[in-house]
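Any read-out appearing in this document is the output of simple, stated calculations on the displayed coordinates, not a laboratory observation. Quick caveat, the model's predicted, so the values are computed rather than measured. Cβ sites come from the backbone with ideal geometry, for glycine too, and all protein chains shown count toward neighbours.
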Amino acid sequence: MIQSFKPPKSLLRFVICSPPPVSPALTSSLKWVSTKTLQTPFQSQQYLIHHLQYLLTLKTHNKNSNFEHSLVSALKSCATHLAISQGQDGQQIHCLVFKSGLVSNTFIQNSLLNMYSKCGFFGLAKSLFDSCPKLDPVSCNIMIAGYVQSGNLDDARKLFEVMPQKGCVSYTTMILGFVQNDFWSEAIEVYKEMRNVGVVPNEVTMASVISACCHVGGIWDCRLLHGLVIKMLLDGFVLISTNLLKMYCASSSLGEASALFDEMREKNVVTWNVMLNGYSKAGSANLAREVFEMIPDKDVVSWGTIIDAYVRVERLGEALMMYQLMVSTGLGPSEVTMAGLISACGRAMAIGEGRQLHCVIMKISFDCYDFVQATVIHFYSACGRIKEACLQFELGIKGHVASQNALIGGFIRNRMIDQARQLFNELPGKDVFSWSTMISGYAHSDQPSMALELFHRMVASGIRPNEVTMVSVFSAIATLGTLKEGRWAHEYVLYNSIPLNDNLSASIIDMYAKCGGINTALEVFYQIRDKASTVSPWNSIICGLATHGHAKLSIEIYSDLQRRHIKLNAITFIGVLGACCHAGLVELGKGYFKSMKSEHNIDPDIRHYGCMVDLLGRAAQLEEAEKLIRSMPMKADVVIWGMLLSACKTHRNVIMGERAAENLAKLEPSHGPSRVLLSSIYADAGRWEDAFLVRRAMQSHRMHRMPGYSGVM
């Protein structure tokens, strides 16, 4: 702070000439810079040149009262139009300041700081700031803003800590800097300090704090901030209301978000898009469409969001229809929208529509994006067109790791695990996704030992696994049933601070349950229960407890789940219906089965019908079980008829057993176990001749039962 600042010598040549004549139009107003709108860069440059001429005239005629004001105004204009980077007009004005002896004038000095900082000459700004004899709050705010703009948050924080008289601008600039660089917690800490020292925030402060809380806060933080901005009379600012709306949507509180949205007196296109995106991410495509239709000026984000809303709920036809409407308005899609659409085509096996979208991608050169190229490869492989996926890979940029990973995944999806491993081995720069994809391939291809071997190689090579990797690892361990390996993997996750998301928590619980450690599974569940935002961990413990015969506890946990705002899925009901089977709770099971569609809008699939047939069969309600099979919206398979046949043997119902065996024979004529069951039913009923005929038919058709086996050595 003690060195003096001198402008570069090369700039002094700009002020040694005699001032040229100035147009009288410019001398009529000293405020022209702040009131005149400049239409083009050329016009901006011409005005600044004329203003420099005017300043020289003022200096020549010693009009000092006007001269200082005009200097400040001119410097502000240079900062606004970045004129220093074009004609060096700002540096010429600095030379005028230096020659006029006004370099110590606080207002002019701060204007110079502001100009250099905003024009990108931060080194000159810092030199000028360091030459100041003492710290000034305004100059400190300018420098902090400059540090923030350049991404140098450490120096911004250091200056912020030592500056005198911190005000609203100081705190807001620091908070804004942290928010813009994704340091959400740090931004909130500065805000708390601001409130503790009694500095009142403004609308920009609150908008930034709300934005930070969107990422680290919860619904109660949102409500507290909402109440605060109402108390401070800041809720009328559209920026604040929009950020609050985004926070409610991020907290999955769409009811409160909708109420706030309806109350807003002013909405801009960002507000509309935030509400639209909230419904889209919640899977409420119909509500999203209602909002979309009301948007007065739809932009490309609006169209992309409504397309994404339909893609998320697998309504591809409507998504493609909205895409066509968007194109008809003259708006072009973004690369993200195209990737989402073609990915949806892959899930729907819509090869024709996907190929058309691929043509559009090629036409508008979106294939240069590596994630788009990877999505196209994924689309072809998902549709079973692995040759076309390979062709796309060959024609694209082979160095894209994302494309390489997509092709590995494509090989795995098409049961070509050896080809996937060959490509994996050839990759020069394997990333965590490459390893995770290959490990997942082995885990889901009945090669769990290979999955674990590859995982250990990954760790040895120095690649840090992520939560996706570990989900596949725990799946492989669960298949092998090696509890010791599972405990080691669990400890590895905790020791390496791998984030415990819901999928990873569910896989750990499932692993312990399948390896015989149901008590440990329950302990893990209780540790993460209140943090879980999806149903996956709940499904794992409900199914695990049901499998181990702890039906009562499984149903209790399901009842706890129902009291929470968590969306259930089909697997939830497989677990709870299985628990009812083990406990013989027929009426409760019937109620759960009916509630699937009536309360949760989940269509029962063949697995749920199988659970109900098993439940009714165990309870000797064979007629109702057969009636349920006849009413199924899908054709009953071997497992369903086998359950009924087994129940018929248990309860000695020969007539129904014959019908079940007949239907089994139609589905699979060589199904030996069903003939054995039917023979046993005849034998139990004393119909030895029928039993003998069934046995002889089995021998003549060379039917046999597959022997059981155990993995225990």
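For the reader, a short list of remarks on this structure follows.
- The translational diffusion coefficient of the range 243-361, from Stokes-Einstein at 37 °C and 0.692 mPa s with a Kirkwood hydrodynamic radius over alpha carbon pairs, comes to 224 µm²/s.
- The local environment of Leu153, defined by Cβ-Cβ distances under 14 Å, has a net charge of -4 under the rule Lys, Arg +1 and Asp, Glu -1.
- Violating pairs (Cα-Cα greater than 28 angstrom) within the set Lys281/Lys597; Lys531/Lys552; Lys281/Lys635; Lys387/Lys567; Lys281/Lys398; Lys484/Lys590: Lys281/Lys635; Lys387/Lys567; Lys281/Lys398; Lys484/Lys590
- Among 347-354, 335-342, the order from most to least packed when residues are scored by Cβ within 10 Å on average: 335-342, 347-354
- Gap separating the Cα centres of the range 555-581 and the range 461-496, nearest whole Å: 27 Å
- q = 0.12, 0.21 Å⁻¹, the range 209-288: log10 I(q)/I(0) [Debye, one scatterer per Cα]: -0.29, -0.89
- Summary of the geometry: the range 187-205 and the range 344-413, compared by the centres of their Cα atoms, lie 49 Å apart.
- Counting every other Cβ atom within 10 Å of each residue's Cβ, Ser472, Ser251 order from fewest to most as Ser251, Ser472.
- Descending by average beta-carbon neighbour count within 10 Å, the peptides 316-329, 475-488 line up as 475-488, 316-329, the highest first.
- With the gyration tensor restricted to C-alpha atoms of the range 557-659, the semi-axes of the equivalent ellipsoid amount to 26, 14, 10 Å, longest first.
- The largest-to-smallest principal axis extents of the Cα set in the range 522-616 are 36, 28, 19 Å.
- Highest mean first, the peptides 552-562, 508-518 sorted by other C-beta atoms within 10 Å per residue fall in the order 508-518, 552-562.
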